[in-house]
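Report on the following structure.
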Amino acid sequence: MLRSNLLQKYSQLVNHYFFNETESKELIKYGISGKNVCKVEQVHGNRILEFNDSREIKPDGFDGMITDKSIYLQVRTADCLPIFLFVPNKKIVCALHAGWKGLMVGIVGNAVDLILSKGVKVEDIICVIGPHIGNCCYDVPYKRIKIFQTRDRIDHAISEKREDRWYLDIGSVAVNAFLTKGIKRKNIDNFDVCTKCNKDFASFRRDKDKSGRNISLIRLIS
Ligand SMILES: [Zn+2]
């Protein structure tokens, strides 16, 4: 299980886990069960569910969750980015599932805007990007890189050409999206752990349809 040093500074207020594939199958060992977990469908979109107390809501069509309640927000990934946002002085947490499609349709910006709409100052937002496929392994069609280069006006920092193939640094795309919204660099933690290289983690690129999932969870301590 991995944890962010940045978020661990607030371990009195919030707990979080980035579980690998094996650990993800044994959540009960960590005291985590269905009853205290909020999850969404994850459709590679940009919608964020505001979770209050009602269990009646149908969590379809969402890729993110935000709450001020003490409940685990769960994200399942296999190469995509699990992302947490946390505001220490307002007790707000948000969890996102983001792949290139979600980043393209602006899920990161939506999350920041939603948090700002709750009277939070941008400098108080902490962002953590968990283990995801690295640019060591994430080769993509050049047109996919072009989408982000054009929209975000960045180039060399997010892509690399090696032996006629283009590699996208999807974590840096997310970091850049946070910086564009005014988040401080010191408040962003981006894990340098590639899910495809690191066999403990589930990877869709590595294992295709046989791939399991990595579960990431964050919860406010009540
Ligand atoms: Zn890799």
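Every number in this text was worked out from the coordinates using simple rules, so none of it is lab data. As the structure is a computational prediction, the values presented were derived from the model and not from experiment. Every residue, glycine among them, receives a Cβ derived from its backbone with ideal geometry; neighbour counts consider all protein chains shown.
Residues in the stretch 158-213 that are out of contact with any strand residue (DSSP E or B) (no Cβ under 6 Å at 6 or more places or on another chain) and acidic (Asp, Glu) were compared, and the one that is farthest from Gly102 (Cα to Cα) is Glu163.
Residue by residue, here is whether (1) over 30 Å from Val122 (Cβ atoms); (2) away from the ligand (no atom under 15 Å from the Cβ); (3) surrounded by 18 or more Cβ atoms within 10 Å (Cβ to Cβ); (4) in contact (Cβ under 8 Å) with a residue 60 or more places away in the chain holds:
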residue: Asn135; (1), (2), (3), (4): no, no, yes, no
residue: Arg151; (1), (2), (3), (4): no, yes, no, no
residue: Ile158; (1), (2), (3), (4): no, yes, yes, no
residue: Asp164; (1), (2), (3), (4): yes, yes, no, no
residue: Gly171; (1), (2), (3), (4): no, no, yes, yes
residue: Phe178; (1), (2), (3), (4): no, yes, yes, yes
residue: Lys186; (1), (2), (3), (4): no, yes, no, no
residue: Thr195; (1), (2), (3), (4): no, no, yes, yes
residue: Phe201; (1), (2), (3), (4): yes, no, yes, yes
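Just so you know, in the stretch 12-37 the residues that are part of a loop (DSSP other than H, G, I, E, B) and more than 19 Å from the chain's Cα centre (by Cα) include one that is surrounded by the most Cβ atoms within 10 Å (Cβ to Cβ), and it is Ile32. Only a single criterion out of (1) in a loop (DSSP other than H, G, I, E, B); (2) surrounded by fewer than 21 Cβ atoms within 10 Å (Cβ to Cβ) is not satisfied by Val40, namely (2).
Scan the stretch 203-217 for residues that are touching an Asp or Glu at 6+ places or on another chain (Cβ under 6 Å) and surrounded by fewer than 21 Cβ atoms within 10 Å (Cβ to Cβ) and the total you get is 3.
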